[in-house]
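In what follows, a structure is listed as structure tokens, so that the remarks can point back to it.
The values are calculated or read from the model by the stated rules, or taken from the named source; none is laboratory data. Here the structure is a predicted model, which is why all the values come from computation and not from measurement. Neighbour counts run over all protein chains shown; Cβ positions are idealised from the backbone, glycine included. Side chains are part of the model used for accessible areas, which takes the heavy atoms of the whole protein and leaves out ligands, DNA and RNA. Shrake-Rupley method; radii C 1.70, N 1.55, O 1.52, S 1.80 Å.
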Amino acid sequence: MAKQTLPTAPGPIGVFDSGYGGLTILSKIREVLPQYDFIYLGDNARTPYGTRSYEIVYEFTRQAVSKLFEMGCHLVILACNTASAKALRTIQINDLPRMDAMRRVLGVIRPTVEGIGNVTQSRHVGVLATTGTIFSNSYPLEIHKLFPDIQVSSQACPMWVPLVENNEAHSPGADYFVQQYIESLLNKDSQIDTMILGCTHYPLLLPKIQQYTPEGIHIVSQGEWVAESLKDYLMRHPEMEKKCTKGGRCVYRTTEAEDKFTESATFFLKESIRVERINLEY
Ligand code: DGL
């Protein structure tokens, strides 16, 4: 990618997701770090990412990061497991040095994995995520880097994102798919005591997920851990913290039609927001 001229003044923290799911992460981040400014960018026109190839997820994510840098962000959080799994490392290693070596892009998988060592007693953990995240093997790889003794079983849940995106998370029709994927995961390993919801949409299905999860199994929603990890990062990196503006503001950008985003974002955030459409294709 050609070198961009990027704004140097401090700016908001960028939060990127393929669609609406990252809003669950954003709200937890804003609870923990209310003083900072944020830009949320949802690539709603091209969602879902979960079924797309490495090349495409990387290309789309790189475009989004580049746009957020142009909009003044020095720090971008990929609030999407699929983008974190398939694009984060390549962007960190190949693109950041060319775009601006002082800017940073962080994902959601590492902070989620860091927390589970203290949660699982049986050392048997299950991961529920999109097909793309599961086939990338990112969760088992990251878990084994930190906790080689933990046994990991995975289950792709291709119907869960569409259920949430189509406002069917609380409908009776959702029960079948929620129950099916949880049973299928637990059939792979009956000793699982910790289940990671490895997709930002899944907290919206939490009431049904809890209903079909046997008692005693800990369900991990990653928002809080990502938020705490970001707080910790900003404390450990004062040079980056200084580049993040503080005003408690949040602006929203989408690649889809504005009214469509507003309607769904209101459902995710439980508050009404204003959004502007932008174009990510270069
Ligand atoms: N937000 C994505 C994730 O966390 C799921 C949605 C998609 O497939 O684009 O993996």
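Observations on the model:
- Entry remark, the stretch 130-152: residues being open to solvent by 30 Å² or more (accessible area, probe 1.4 Å), outside any helix (DSSP H, G or I) and touching a Lys or Arg at 6+ places or on another chain (Cβ under 7 Å) number 2 in total.
- No other residue among 66, 53, 18 is within 14 Å of the ligand (Cβ to nearest atom) and surrounded by fewer than 24 Cβ atoms within 10 Å (Cβ to Cβ) apart from 53.
- If the condition is being of a type in the set (A, V, I, L, M, F, W, C), open to solvent by 10 Å² or more (accessible area, probe 1.4 Å) and either under 24 Å from residue 142 (Cβ atoms) or within 16 Å of the ligand (Cβ to nearest atom) (or both), then the stretch 69-95 contributes 85, 88, 93.
- All conditions but one from (1) surrounded by 24 or more Cβ atoms within 10 Å (Cβ to Cβ); (2) in a strand (DSSP E or B) apply to residue 39; the one that does not is (1).
- Residue, most open to solvent (accessible area, probe 1.4 Å), within the stretch 241-262, restricted to residues that are within 21 Å of the chain's Cα centre (by Cα) and of a type in the set (A, V, I, L, M, F, W, C): 251
- Each residue in the stretch 68-86 was checked for being in contact with a Cys (Cβ under 9 Å, 6 or more places away or on another chain) and closer than 17 Å to residue 42 by Cβ, and 4 of them qualify.
- Enumeration of residues in the stretch 1-55 that are among the aliphatic types (A, V, I, L, M) and within 16 Å of the chain's Cα centre (by Cα): 13, 15, 23, 25, 26, 29, 39, 41
- The one condition in (1) outside any helix (DSSP H, G or I); (2) within 20 Å of residue 139 (Cα to Cα) that residue 216 fails to fulfil: (2)
- Every condition in (1) in a helix (DSSP H, G or I); (2) surrounded by fewer than 24 Cβ atoms within 10 Å (Cβ to Cβ) is met by residue 45 except one, and the failing one is (1).
- Restricting attention to the stretch 195-234 and to residues that are without any contact (Cβ under 8 Å) to a residue 12 or more places away in the chain and over 19 Å from residue 168 (Cβ atoms), the residue that is surrounded by the most Cβ atoms within 10 Å (Cβ to Cβ) turns out to be 232.
- Residue that is farthest from residue 234 (Cα to Cα) [pool: residues in the stretch 104-129 that are part of a loop (DSSP other than H, G, I, E, B), open to solvent by 10 Å² or more (accessible area, probe 1.4 Å) and at pLDDT 95 or above]: 122
- Exclusive hit being open to solvent by 10 Å² or more (accessible area, probe 1.4 Å), among the small types (Gly, Ala, Ser) and assigned to a helix (DSSP H, G or I), set 190, 184: 184
- Within the stretch 165-181, the set of residues being aromatic (Phe, Trp, Tyr), under 24 Å from residue 84 (Cβ atoms) and open to solvent by 40 Å² or more (accessible area, probe 1.4 Å) comprises 177 only.
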